[in-house]
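The values are calculated or read from the model by the stated rules, or taken from the named source; none is laboratory data. All values reported here derive from a predicted model rather than from experimental measurement. Positions of Cβ are generated from backbone atoms using ideal geometry, with glycine treated the same way; all protein chains shown enter the neighbour counts.
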Amino acid sequence: MAEAGFTQQQYAFAAHIRQPDRNPAPEGIEDRRLAIYRELFYNNVEGFLSNGFPVLRELTDDDDWHAMVRDFFANHRCHSPLFMEISREFLTYLEQERGERENDFPFLRELAHYEWVELALSVAESDPGQIDDPDGDLLEGIPVLSSLAWPLCYQYPVHRISPDYQPDKPADQPVYLMVYRDGNDDVGFMELNAISARLFSLLQDDDTLTGRRALEQIATELNHPRPGVVIDGGREILQAWRQRDIVLGVNRPSG
């Protein structure tokens with residue numbers, strides 16, 4: 001009986017901390033002490049989200065920001081006790097639970113995802129796998145992509161959003177970006193065009209493709225009158241990727 005009562009008090013305490021306006025405080029606890037917990041819990045979560053989503057925070061006025069964080073704090077049920085996972089939990093809340101709100105930016109979810117990616121990649125574990133030759137020929141060999149290079153595609157140019165630029169409608173074409181972590185553990189972003197995005201996709205989906213074969217396939221898809229131009233341009237892209245540790249080297253083709 002005592003254990004059940006303690007558990008009920010814990011639930012009552014947690015409910016009050018989440019939504020003090022809707023859930024009364026457990027009996028027998030001084031409000032002055034509860035106020036410390038209410039402030040401590042909320043401020044920890046709000047501070048972590050402010051640091052994790054700095055652009056979104058800068059764009060959102062104080063009332064709307066705290067209303068959104070309060071809604072997340074009160075209604076979302078986190079599946080991890082780790083502070084590093086709070087950003088992922090907040091993204092889940094935005095994508096699956098928040099729904100459409102009148103004052104929300106049209107790019108809210110995409111911007112939040114873009115900002116979350118930087119944190120997620122900074123703590124991701126690396127798996128370089130097999131690399132036959134770090135300095136091998138990127139056309140004749142099979143380029144080995146870093147597991148710490150993530151291609152992204154958005155409707156809005158999220159990498160350009162700022163207090164001075166807030167688009168109200170999607171871009172005319174998909175926005176392709178690459179986020180990567182290099183050998184010094186620095187996270188970088190770069191914009192891709194449709195061809196470089198397609199090249200990365202082909203190499204990612206088929207680990208038997210040489211650089212040349214992937215580029216020849218792209219030239220065929222484009223019905224390009226001069227495939228050599230596509231191959232030369234693709235070589236430059238692959239070389240730039242290797243300099244940024246997006247491509248780690250090459251493997252030898254079988255046979």
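Selection over the stretch 215-233 of residues that are buried (at least 20 other Cβ atoms within 10 Å of the Cβ), under 29 Å from the mean Cα position of the chain (by Cα) and without any contact (Cβ under 8 Å) to a residue 60 or more places away in the chain gives a count of 1.
The residue pairs whose first member lies in the stretch 135-147 and is β-branched (Val, Ile, Thr), whose second member is assigned to a loop (DSSP other than H, G, I, E, B), and whose beta carbons are closer than 7 Å, counting only pairs six or more residues apart or on different chains, are Ile142/Asp207; Ile142/Thr208; Ile142/Leu209; Ile142/Thr210; Ile142/Pro253; Val144/Gly129; Val144/Ile131.
Whether any residue in the stretch 197-205 is surrounded by 16 or more Cβ atoms within 10 Å (Cβ to Cβ) and among the acidic types (Asp, Glu) is what I want to check. For the stretch 197-205, residues surrounded by 16 or more Cβ atoms within 10 Å (Cβ to Cβ) and among the acidic types (Asp, Glu): absent. On the basis of being more than 21 Å from Ile237 (Cα to Cα), in contact with a His (Cβ under 9 Å, 6 or more places away or on another chain) and of a type in the set (Val, Ile, Thr), does Val158 make the cut? Against the criterion (more than 21 Å from Ile237 (Cα to Cα), in contact with a His (Cβ under 9 Å, 6 or more places away or on another chain) and of a type in the set (Val, Ile, Thr)), Val158 qualifies. Taken over the stretch 102-128, residues that are within 18 Å of Pro170 (Cα to Cα) and at pLDDT below 90 amount to 2.
Results for (1) polar (S, T, N, Q); (2) at pLDDT 90 or above; (3) surrounded by 14 or more Cβ atoms within 10 Å (Cβ to Cβ), shown as yes or no for each residue.
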residue	(1), (2), (3)
Asp62	no, yes, no
Arg70	no, yes, yes
Asn75	yes, no, no
Leu91	no, yes, yes
Arg98	no, yes, yes
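Annotation for the stretch 236-243: at least one member residue is closer than 22 Å to Gly183 by Cα, of a type in the set (Val, Ile, Thr) and either without any contact (Cβ under 8 Å) to a residue 60 or more places away in the chain or surrounded by fewer than 19 Cβ atoms within 10 Å (Cβ to Cβ) (or both).
Any idea which of Glu58, Glu118 is surrounded by fewer than 18 Cβ atoms within 10 Å (Cβ to Cβ), more than 30 Å from Leu209 (Cβ to Cβ), touching a residue at least 60 places away in the same chain (Cβ under 8 Å) and of a type in the set (Asp, Glu)?
Details: Glu118 fails: more than 30 Å from Leu209 (Cβ to Cβ).
Residue meeting the stated conditions: Glu58.
Of all residues in the stretch 130-176, those that are under 18 Å from the mean Cα position of the chain (by Cα) and part of a loop (DSSP other than H, G, I, E, B) total 8. Per the listing Leu202, Leu192, the residue uniquely closer than 26 Å to Trp116 by Cβ and not hydroxyl-bearing (Ser, Thr, Tyr) is Leu192. A count restricted to the stretch 32-85 and to residues that are assigned to a loop (DSSP other than H, G, I, E, B) and within 16 Å of Leu111 (Cβ to Cβ) stands at 3.
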